[in-house]
Every structure is written in C-alpha cells, then in structure tokens.
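Down below is the structure, laid out as structure tokens.
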Amino acid sequence: MKKMFHPSILKNAFAIDARSIRLFRILLGVAILFYVVELWPVIDLFFTENGILTAEFQRTAVSNVARGAFSIFYLSDTYGFAASMLVLLAISGFALVAGKAPRIWSAVAAIILISISNRFYQASYGADQMIRLLAFWSIFLPARGGANAGTFAALAQLATVYAFAGFIKSDRVWLIEANGVIHAFKLDHFTRSWTAWTMNFPGTLRFSSIVVLLLERFGWLLFFSPWRTGLCRFLAFVSFAGLHLVIIGFLHIGLFPYLNLIFLTLLLPAGFWETMEKFGIKYLRADAKPEEDRLLNGLAAAFSLLVLVWNLSVYARANWTRSIPVNQFMASIGLRQHWAFYGPAPNRNDGWHVFIGQLADGTEIDVLRNKPVSFLKPPSLIESFPHRRWGHFLTKMTYHRHDPELLDRTMEYFCKNDDRIRRIETYYVLEETMDVGEVDRLSRKWLMSRNCY
C-alpha cells in the first residue's frame, strides 16, 4: 500500500507521454482547420453588421450569456476582419500540425477561439466549448512530456467533462427507468436517419443508459490510477473512445465527439507507443524530462483549481455562477463551461421553425430552406438547414423561449437578403417526445410576424 502512494508513483499518475502530447497537438491542428472550414460560410451571417448577431446587438443582448466578455471580433464588424481572423486561426492549425512553437500557436488559437465563442454565443454548441478548451490547455503541456501542473490540469479538465456530465444526469429517466439513451435518440434535431431503427431494441438501449451513466460518473478515475497507470489509462481510452464512436454513429452533433476523441489521446501510455514501434510504427522518441516553467505551471494550477470550483458551483446551482460579471470573467479567459449533456434528463420537447415569406404576387415560400411551405417533419432536421449553424442557432433560440428580439432580428435578416419578400410569418412546430411505445405529439404555434420594407 505504501508503495502505491509513493510520491514518484503518484507523480507518474499525472504524467503524459511526449508522443501522446505530440499526437494531441497534431490532431488539434487538424480539427482547427475543419473548424475554420465549418465557420467560413457563416461569417456574414454571424460576424458582421449585415448579419443577425451584430457587434452592437451582442454587447447587450439578454440571450448572449457572454455579453460584455472579451472578443477581438468586437474590434470590427466587417467581413474582411472576421475572415482575416479565421485565416490566422487556420495558420495556427497548420503550425500545430507541423510542431512549430506549439505553445505560442496554441495561445494564438485559444485567443481567437475564445473570441469566437464570446462573439456568437447564440449560434455556438458543444464543439465551440471543447475546441477552445483543447487549445487553452495545450498552452501548458510540456513538449517533452512528463508530469507537471500542466499535465495534471489537462487530465483534470478531461475528467471534469465526464464526471460532471455523469453526475448531472440525476433525473429518474437515467437513475431509475434507464431510458436516457432512448429519449436522447428520439430528439430529432441531432439524430441520424437510421437512429430510429434502434427503437426496436429497447432492452439494449436501457443497458446502454446504465453503461453511459456508470462510465461517465466513475470511468475518469482510471485517468489517475497510481496502480498500473498505463493499463488503466489505455482501458479508459478504449472505453470512452468507444462511447464517442457510438455517438458519431447515431447522433449528428458536428465536431464535438471528434474533439473528445482528440482530448482522449492524452491518455495513451508509453506502453502503447512501444507496442507500435514493435510493429515498425515509429512516431517520435519519448523524453520524460519535463520543461521547467514556473509561471506556466503556476497558472495551470490556478486555472485548474478555478475550473473545479466553477464546475462544482454550477452543479450545485450556486447563485454567483449566474452573476453577469462572473460570467464575463470566465468567458473572457475561456474557462466558462457547462457539461449538461442530456442532463438532468434529455429534453422531452423537440421541434422546428417554419419561416413563411409572403411574396409580392401572393405566393408563399419557406425562406429558411428556400422551398415551398410545409409543416411536415423533414427526414433529417439538421440536414434541412442551409448550414448546421442555423440548426444550433434556432435550437438555442428555442431554449431562450423564442426570444422576441432575436426572432425579430432573424426575420429582419431574411427581409434584407430577399427583395421578393413582403411579409414574414414565423411558426414553431412542437414535437413532444412521449414515453417508450407512445406516439410523439405534434402541435403548431404561431410566434411572430413582420412586414418587410
């Protein structure tokens, strides 16, 4: 027992192999490039004065939780400036892939990613939160591997993601009925066309709910095992990677699960790389000597403690976490986070917006999808939008109870960008997810109308 808790063994429990850090940064660079490609088509929509979320609106919008937080995108509301920032972000991605000055380019990427999250909060989703955290903690990781405050902070952040996502699943649908996965798979905003097929196997889905809950609540303990650290880390990697591969297979949630897989590569132990070398796959040589940087280590320790306090307070629903100045500070440093994936229970209400544009000749069109008006549910909701960011934007608008100001700005955007439209009527088709074996209920609700001048 004394051997298990010897300081050298405990320190090894916080160490990360240099080759894993290198792989992590390469994949982070690749993810940044995909992220830039995803955002490029919506620059005008969400980052300029011609779009819905103008800088002036975002600074005071009640629907913007990050209002008042730091963002370099507030320096200019032009397409050219926003595009130049995304180009710089892409350059940082290439630099991380090439392994050039990884800490510096991680910092550049983190600043831009934090700014993006704070500038267009209403159109963001889990991937925006995750990618900025990956870039943030990459700043503190030692290129030579080993154990220091930076490696501990990165592993602690990874553990935080799963632990709080697990413990926030506190509703009876997870704890007693074991129907959490079933209800998650019935939310059409994020499901793939074949996900409905899984409803034929309710027993398997209930078993999956139990596995997900236990894995998220307790699987992260394997990250820090002082006993057989390498084996435990590899088992954790395989388990959580399997979870995300299932998510990718059945849910359509963009880059988020891929970013989680990238974060998990930090768990790959030295034994994994040594086995790869036996098969002739040489990645790079490991050097367990950590880089000494007292300032970065001190900051990493302080930020890690702050993340723990913040997440515990959010979980306990402490009033101070809803304070505007506190949210501004946490968002400005890029550490504001919330891991409520389908918790306390999956949302039981789903639905979609229909924006009806009345043209001068009296005909009507769905101005969002540029199709004839239909209130029927599309085969795939997320794929029915011109861009997936529209889906996240409108979903968040629903969470904000169809914020009138935000909805009016959305209709104004359609008016400005299509001279044919004389008037817009907005409806929301609500789909209430019923219990297993029951048919979901649909109802149509009128939200707002606006004349176009």
| field | Ranking of 392, 338 by count of other Cβ atoms within 10 Å, fewest first | value | 338, 392
| Dipole of the range 369-453 (Lys/Arg Cβ +1, Asp/Glu Cβ -1, origin at the Cα centre): which of 430, 386, 397 lies farthest to the positive side? | 386
| the range 317-421, relative contact order in percent, only Cα pairs under 8 angstrom and at least six apart counted | 18 percent
| Of the listed peptides 144-155, 401-412, what is their order by residue-averaged count of other C-beta atoms within 10 Å, with the highest listed first? | 144-155, 401-412
| Square roots of 5 times each gyration tensor eigenvalue, C-alpha, the chain, largest first, Å | 40, 27, 19
| message | Which order do the peptides 378-387, 164-173 come out in when sorted by mean C-beta neighbours inside 10 angstrom, highest first? | response | 164-173, 378-387
| task | Of all alpha-carbon pairs in the range 281-408, indicate the percentage at a distance above 22 angstrom. | result | 63 percent
| field | Within straight-line cross-link reach of residue 416, aspartates and glutamates at Cα separation under 19 Å, skipping those fewer than 8 residues along the same chain | value | 44, 49, 56, 77, 361, 364, 366, 405, 408, 425
| note | In the chain the cysteines whose Cβ sits 4.7 Å or more from every other Cys Cβ are 232
| message | Give me the extension gain from residue 375 to residue 329: residue separation times 0.36 nm, minus the current Cα-Cα distance, reported in nm with one decimal. | response | 12.3 nm
| Residue-count net charge about residue 189 - beta-carbon cut-off 10 Å; Lys, Arg +1, Asp, Glu -1 | -3
| said: Can you compute the helix-only [θ] at 222 nm over the chain? Use -39500 (n - 2.57) per DSSP H run of at least 4 residues, normalise by all residues, nearest 500 deg cm²/dmol. | reply: -16000 deg cm²/dmol
| What FRET efficiency, computed as 1/(1 + (r/R0)^6) with R0 = 22 Å and r the Cβ-Cβ distance, is obtained for residue 383 and residue 419, rounded to the nearest 0.05? | 0.20
| request: With a ≥ b ≥ c taken as the square roots of the eigenvalues of the C-alpha gyration tensor of the range 49-206, please select rounded if a/c is under 1.5 and otherwise prolate if a/b is larger than b/c or oblate if it is not? | output: oblate
| query | In the chain, which helices (entire DSSP H runs) extend 20 Å or more along their own long axis, judged by Cα positions, while averaging at least -1.0 on the Kyte-Doolittle scale? | reply | 18-39, 79-98, 102-119, 149-167, 202-218, 229-250, 294-315
| query | Fewest first, what order do 197, 220 take by the number of other Cβ atoms within 10 Å? | reply | 197, 220
| request: Label the range 231-270 by shape, choosing from rounded, prolate and oblate, from the square roots a ≥ b ≥ c of the eigenvalues of the Cα gyration tensor; if a/c is under 1.5 it is rounded, and otherwise prolate applies when a/b is larger than b/c, oblate when it is not. | output: oblate
| remark: Packing-ranked peptide list from 43-53, 317-327, highest mean Cβ count within 10 angstrom first, is 43-53, 317-327
| request: Run a plain Debye calculation on the range 392-453 (Cα atoms as equal point scatterers, no solvent) and give log10 I(q)/I(0) at q = 0.13, 0.16, 0.17, 0.29 Å⁻¹, rounded to two decimals, same order as the q list. | output: -0.45, -0.62, -0.67, -1.22
| remark: On the formula 1/(1 + (r/R0)^6), with r taken between the Cβ atoms of residue 443 and residue 238 and R0 of 41 Å, the FRET efficiency rounded to 0.05 is 0.40
| query | Shape call for the range 107-180 from the C-alpha gyration tensor, a ≥ b ≥ c root eigenvalues: rounded (a/c under 1.5), prolate (a/b greater than b/c) or oblate? | reply | oblate
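Laboratory data are not the source of any read-out in this text; all were calculated from the coordinates shown. Fair warning: this is a prediction, and the values are worked out from it, not measured in the lab. Note that each Cβ is placed from the backbone with ideal geometry, even for glycine, and that neighbours are counted across all protein chains shown.
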